[in-house]
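Here is the structure we will look at.
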Amino acid sequence: MLESTTYPGTTRERVVPLLEESGLAAGRDFHVAFSPERVDPGRTDFTLRNTPKVVGGLTEACAERAETIYGLVCDNLVRVATLEAAELTKLLENIFRSVNIALVNELAMLTDRMGIDIWEVVEAASTKPYGFMRFEPGPGMGGHCLPVDPFYLSWRAREFDMTTALGAELRYHDRPTDNQARYAHNARRRGKEAPPPRAPIPAAGCADAPQNMHPVGHWRPVPQRAHPVARMCAFRGRCRR
């Protein structure tokens, strides 16, 4: 059973042939299934036990075997018809988050120029009881999945004579720019009492959550904006890390 995020077709086209080099036949001598991991480190309300688990098998028997095993630790199993459907499910979940993170961060930059309070806009939009999910401005996409997952799908799409703008667009909109340093400084000044013109800006959140698999000092999972923006603020003499 595989759980790592990847492009649709990986399990069937890459993993199965490697396993069959042993002389055994997938679906006959051994079972193969894909079930995307759904883990949010540090959460206690949604765990492996009560988070729905998506399962797709190479064959019907493979899927049934996977469900038997996962059923020991998961209360809710969701069967999909193929390995590829299970693989794409994870990409859809992560790309959905990536797109919305990039969107709200771009709007934060725009509203700063327009003199509109982005937080007030987010609060107001969140009152809609349907068709909207709340995302808040932040340092950008981080972790091991969101910054790279759209590129898995973009690469795979080219093999089907399609070009998706997801990868390039998200990289463009979530890029660190000097405007973000200016936005960070302006946001710092929008308190009840404005600080002096060259008041320092504390740079928090430049490391991954301690519950994750890497230590806090590891840069790989850090949102790609965090350190460049902190350096830009430091260049302006306004940031202390």
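Any read-out appearing in this document is the output of simple, stated calculations on the displayed coordinates, not a laboratory observation. Quantities reported herein were computed from a predicted structural model and do not represent experimental measurements. Virtual Cβ from ideal backbone geometry, glycine too; neighbours counted across all protein chains shown.
One chain, two ends: Ala85 and Val148. Fully extended at 0.36 nm per residue, the span grows by 20.8 nm beyond their Cα-Cα distance. The residue list Ala102, Ala85, Tyr70 was ranked by how far each Cα lies along the charge dipole of the range 22-166 toward its positive end, using unit charges on Cβ atoms, and Tyr70 comes out on top.
Given +1 at the Cβ of Lys and Arg, -1 at the Cβ of Asp and Glu and no other charges, the dipole of the range 22-167 around its Cα centre is 200 debye to the nearest 20. For the peptides 96-107, 17-28, the ranking by packing is 96-107, 17-28, with the highest mean count of neighbouring Cβ atoms within 10 Å listed first. Each of Phe30, Phe132 was scored by other Cβ atoms within 10 Å of its Cβ. Arranged with the fewest first, they read Phe132, Phe30. First check a/c for the range 10-85, with a ≥ b ≥ c the square roots of the eigenvalues of its C-alpha gyration tensor; if it is under 1.5, answer rounded, and if not, answer prolate when a/b is larger than b/c or oblate otherwise. Cα axes put the range 10-85 in the prolate bin.
Between the range 80-133 and the range 1-69, the alpha-carbon centres lie 28 Å apart. Against the empirical curve 2.2 N^0.38 Å, the C-alpha radius of gyration of the range 44-173 lands at a ratio of 1.33. The residues Thr68, Thr11, Thr164, Thr89, when put in order of fewest to most other Cβ atoms within 10 Å, stand as Thr68, Thr164, Thr89, Thr11.
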